[in-house]
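Written out below as structure tokens is the structure these notes cover.
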There are 2 protein chains.
Amino acid sequence: MKAVGVVVEYNPFHHGHAYHIECAKKETGADVVIAAMSGNFLQRGEPAIVSKWARTEMALKGGIDLVFELPYSFAVQKADTFAAGAVSLLGAAGCEFICFGSESGQIEDFYQTYHFIEKHKETYNRVIKQFINKGYSYPKALSLAFQTLEPEGNVIDLSLPNNILGFQYVKAAEISDYPGKMVTIARKSANYHDQHFSSASIASATSIRKALFSQKGDISQIKSYVPIHTYEALRQYRQNYGTFHDWNMYWSYLKLNLLQLNNTELKEIYEIEEGIENRLLSLAIKCETFPHFMEELKTKRYTWTRLQRTLTHILTHSTKKEMNVLDGNVSYLRLLGMTETGRSYLNQLKKDCPIPIISKRSSFTNQQIQTDTRASRIYAMGLPEKYRQKAIELEFMQQPIYIQNDINDKKNKAI
Amino acid sequence: MKAVGVVVEYNPFHHGHAYHIECAKKETGADVVIAAMSGNFLQRGEPAIVSKWARTEMALKGGIDLVFELPYSFAVQKADTFAAGAVSLLGAAGCEFICFGSESGQIEDFYQTYHFIEKHKETYNRVIKQFINKGYSYPKALSLAFQTLEPEGNVIDLSLPNNILGFQYVKAAEISDYPGKMVTIARKSANYHDQHFSSASIASATSIRKALFSQKGDISQIKSYVPIHTYEALRQYRQNYGTFHDWNMYWSYLKLNLLQLNNTELKEIYEIEEGIENRLLSLAIKCETFPHFMEELKTKRYTWTRLQRTLTHILTHSTKKEMNVLDGNVSYLRLLGMTETGRSYLNQLKKDCPIPIISKRSSFTNQQIQTDTRASRIYAMGLPEKYRQKAIELEFMQQPIYIQNDINDKKNKAI
């Protein structure tokens with residue numbers, strides 16, 4: 001059996017994702033699609049709107065065969081570390097292909113860009129530093145430095161969000177000697193950051209989330225923008241847990257932590273650097289809401305996502321010491337769910353997988369998975385009190401979700 | 001002007017407290033009554049039902065002339081440290097007398113007990129250790145060891161809660177060479193721990209609190225057990241802040257902290273010793289409510305109050321490093337409120353007070369007062385979200401409460 005890997009967050013799963021899975025199979029001729037999926041906290045430093053279990057269900061019913069959790073130590077990270085973790089995970093899972101969506105859609109252009117940058121590495125890094133010293137954020141400095149090099153030939157536009165991520169996947173694959181093949185497909189219509197629905201049935205996850213939070217009680221307006229099983233999973237989640245997750249529900253906790261810790265203690269948290277601890281502490285005392293806090297915190301120097309990741313690390317109490325993932329490799333495959341096909345593949349994979357495959361959290365422990373568990377439990381603390389305990393206990397109690405192929409086929413046809 | 005000092009928590013102020021103030025003045029002939037009052041967290045390791053500001057108002061309207069905050073580092077402590085801090089505070093405030101209520105009511109008996117124990121110190125301490133090794137709590141071991149010594153003469157019953165505290169005041173006064181005179185008066189009727197109202201108009205603070213929480217919305221049943229100004233202050237507090245405080249409203253925060261910290265980090269918190277960190281961590285994951293958590297946590301070894309103090313230190317993030325109050329002396333007098341008489345006395349005191357008198361929090365800082373401020377802000381975090389910011393800012397914004405004597409007299413007459 002041949003497998004293609006995808007790197008996903010599914011926050012939530014939508015038609016664009018279904019299209020991506022379909023293309024990934026078609027383009028590569030793979031029998032199995034494997035997802036490296038962020039857990040309860042995401043790359044942009046946000047809680048996922050629904051838990052990793054609910055999103056796993058969406059994924060399996062949407063065409064994914066195996067879902068593995070990208071550990072927190074890689075998921076809540078800037079693009080290069082995130083990509084390194086994801087490529088390492090999919091490599092360990094035996095994927096012969098990794099397929100990502102991009103604005104470019106041309107894999108050769110990614111390689112040309114990568115080799116061009118490698119060739120001018122010294123200048124590139126020097127210019128990046130110059131832009132950072134001028135007060136630009138890291139991603140902005142990367143993009144500006146790239147323009148400064150006046151690249152020739154078919155290079156990609158490194159100011160577009162999916163190209164940036166794709167570039168990091170290609171770079172991670174090259175650095176880690178990933179033995180498979182990288183594939184990219186052009187994304188359809190909706191832009192990543194779109195806030196509003198366009199007329200097409202493919203909407204960005206951002207606009208879907210906005211709609212979910214804007215109409216308290218009524219989620220029906222998103223119905224045409226997501227597969228029916230996503231809609232059902234969202235409805236079910238809110239019924240089971242009373243709410244979707246966003247930063248506002250963790251603000252009390254974050255504020256508490258910022259009232260508890262002093263600047264020395266805060267500096268032990270991952271990504272707390274360059275004196276930002278002092279601004280965090282003084283703003284926490286004076287800001288009443290999360291949006292107000294973020295607005296006051298924002299500077300040209302730090303991207304919104306970098307700041308949110310920093311706050312996520314405070315909330316999950318993830319320290320510099322434990323978040324050391326310099327070697328770029330995941331050390332286990334935490335299985336969140338599988339289809340029947342996925343299970344067959346898994347049986348084959350088990351024979352020569354280089355790292356442990358974890359179906360039962362209690363059967364394995366190391367620092368990285370402890371960080372995942374801590375983050376998952378703290379994620380549950382955002383729920384209304386009466387739902388928390390159940391959600392906290394899921395981390396150890398929940399079996400990987402299993403979906404029979406025929407159910408899946410039927411569901412897919414129903415879309 | 002002559003001053004008598006009292007050590008109080010007023011949680012809330014009731015007729016028994018008013019009686020104590022009256023007796024203290026009569027017995028000593030003092031012109032001024034000064035209170036060393038615990039701040040927002042109390043000696044038993046609980047949040048006060050209303051803030052230190054509301055309780056200061058009750059105190060001033062109930063006959064106290066000057067209220068100083070007993071710093072957190074002394075207030076949330078076992079009896080001997082609590083007493084040392086209070087005696088040191090009242091000494092610095094120039095009190096010629098310290099008057100405490102007790103079951104005994106005989107000051108000579110306290111001194112006889114103290115000297116008897118001093119004489120048999122070695123045996124006493126050895127026997128205490130033996131009882132602790134047998135698994136008894138510290139206060140229980142003290143009381144049992146004392147009985148073992150077969151004391152003769154007029155000694156006090158060291159199993160009664162107010163005698164225990166009084167003994168510690170006398171001991172602290174002896175150790176610190178407090179220059180004034182210790183006075184005790186017999187407490188009237190209600191026992192400290194009474195859960196229910198008796199027919200008398202003097203009810204324990206415990207039973208009043210129980211009544212306040214049991215009838216959501218209706219606090220009128222306590223009306224006859226507290227002075228009218230206490231009733232008004234309680235009513236006003238709930239109107240301004242939406243609720244009274246109890247441990248249940250901090251349970252989410254405590255649970256969050258116990259999900260965030262590992263055992264090494266937890267051991268940096270004051271009073272976390274002897275492996276209790278491991279029990280705290282595993283119980284936090286499995287217990288849904290604060291009462292359930294306490295029930296599971298309780299052992300013969302630790303008193304309920306010791307455990308609650310430990311949990312308070314976790315909540316307020318008070319570390320071993322900062323809670324070092326070995327020398328037993330307070331380093332400032334934080335003024336919370338005064339009457340007109342209190343103000344005259346204060347003007348006199350200012351001339352030769354050995355430590356700074358703080359009327360404005362922003363004008364002074366040291367580690368001890370930072371701990372107070374942190375605890376006060378975290379106390380405010382227990383309030384419903386919309387009232388928090390106002391309460392957090394009080395710590396720096398609130399002026400000492402001032403009550404004119406004539407208002408006070410009128411109010412007192414109205415009781």
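Here, each number is a calculation from the coordinates, and none is a lab measurement. Since we're looking at a predicted model, the values are computed, not measured. Heads up, the Cβs are rebuilt from the backbone with ideal geometry, glycines too, and the neighbour counts pull from every protein chain shown.
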Open item on the list: P(r) for segment B:1-137, please, calculated from all Cα pair distances in 5 Å bins and given in %.
Closed with: 2, 10, 16, 19, 19, 14, 9, 7, 4, 1, 0
TODO: Please turn the phi angles of segment B:6-16 into ³J(HN,Hα) values with the Karplus equation 6.51 cos²θ - 1.76 cosθ + 1.60 (θ = phi - 60°), one per residue in order, whole Hz, x for glycine and proline.
DONE: 10, 10, 9, 10, 6, 10, x, 5, 9, 4, x
TODO: Please state, to two decimals, what the Cα-based radius of gyration of segment B:4-73 comes to when divided by 2.2 N^0.38 Å (N = residues).
DONE: 1.05
Task: Segment A:Lys350-A:Thr264, length gained on full extension (0.36 nm per residue, minus Cα span) - done: 26.5 nm
Open item on the list: Over segment B:209-364, what portion of Cα pair distances is larger than 24 Å, expressed as a whole percent?
Closed with: 57 percent
TODO: Name the residues whose placed amide hydrogens come within less than 5 Å of the amide hydrogen of A:Ile358, ignoring near sequence neighbours (fewer than 5 apart) on the same chain.
DONE: A:Leu333, A:Arg334, A:Leu335
TODO: Can you work out the PRE-style zone for A:Lys181? Point 7 Å along Cα to Cβ, and I want the residues of segment A:2-29 with backbone N under 11 Å.
DONE: A:27-29
Task: Range of Cα positions in segment A:247-315 per principal axis (Å), largest first - done: 28, 24, 18
Open item on the list: At 0.36 nm per residue, and after removing the present C-alpha to C-alpha distance, how many nm does the segment from A:Glu22 to A:Glu274 gain when stretched out fully?
Closed with: 86.2 nm
Open item on the list: From the phi angles alone, apply the Karplus equation (6.51, -1.76, 1.60; θ = phi - 60°) to segment B:249-257 and give each ³J(HN,Hα) in whole Hz, x where the residue is Gly or Pro.
Closed with: 6, 10, 4, 4, 5, 4, 4, 3, 4
TODO: Could you work out the local net charge near B:Arg388, counting Lys and Arg as +1, Asp and Glu as -1, over the other residues with Cβ closer than 14 Å to its Cβ?
DONE: +1
Open item on the list: Using only the Cα atoms of segment A:112-155, what are the Rg and Dmax in Å?
Closed with: 10.1, 30
Task: Computed label-point distance, nm, for sites B:Lys121 and B:Asn405 using a 7 Å Cα→Cβ extension - done: 4.5 nm
Task: Around B:Val4: net Lys/Arg minus Asp/Glu count, Cβ-Cβ under 15 Å - done: -1
Task: Debye intensity ratio in log₁₀ form over the Cα atoms of chain A, taken at each q of 0.12 Å⁻¹ - done: -1.01
Open item on the list: Give me a comma-separated list of calculated 3J(HN,Hα) values for segment B:312-321, in order, Karplus coefficients 6.51, -1.76, 1.60 applied at θ = phi - 60°, integers in Hz, x for any Gly or Pro.
Closed with: 4, 5, 5, 4, 8, 6, 8, 8, 4, 4
Open item on the list: Taking the number of other C-beta atoms within 10 Å as the exposure measure, put B:His292, B:His245 in order starting with the fewest.
Closed with: B:His292, B:His245
Task: Distance in nm between pseudo-label sites at B:Glu232 and B:Lys188 (7 Å out along the Cβ direction from Cα) - done: 2.1 nm
- [ ] Calculate the dipole size of segment A:257-371 relative to its Cα centre from +1 charges on Lys and Arg beta carbons and -1 charges on Asp and Glu beta carbons; express the result in debye to the nearest 20.
- [x] 360 debye
- [ ] Quick one: P(r) of the protein assembly as shown from all Cα-Cα pairs, 10 Å bins, percents rounded to integers, in order of increasing distance.
- [x] 2, 12, 20, 20, 15, 11, 9, 7, 3, 0, 0
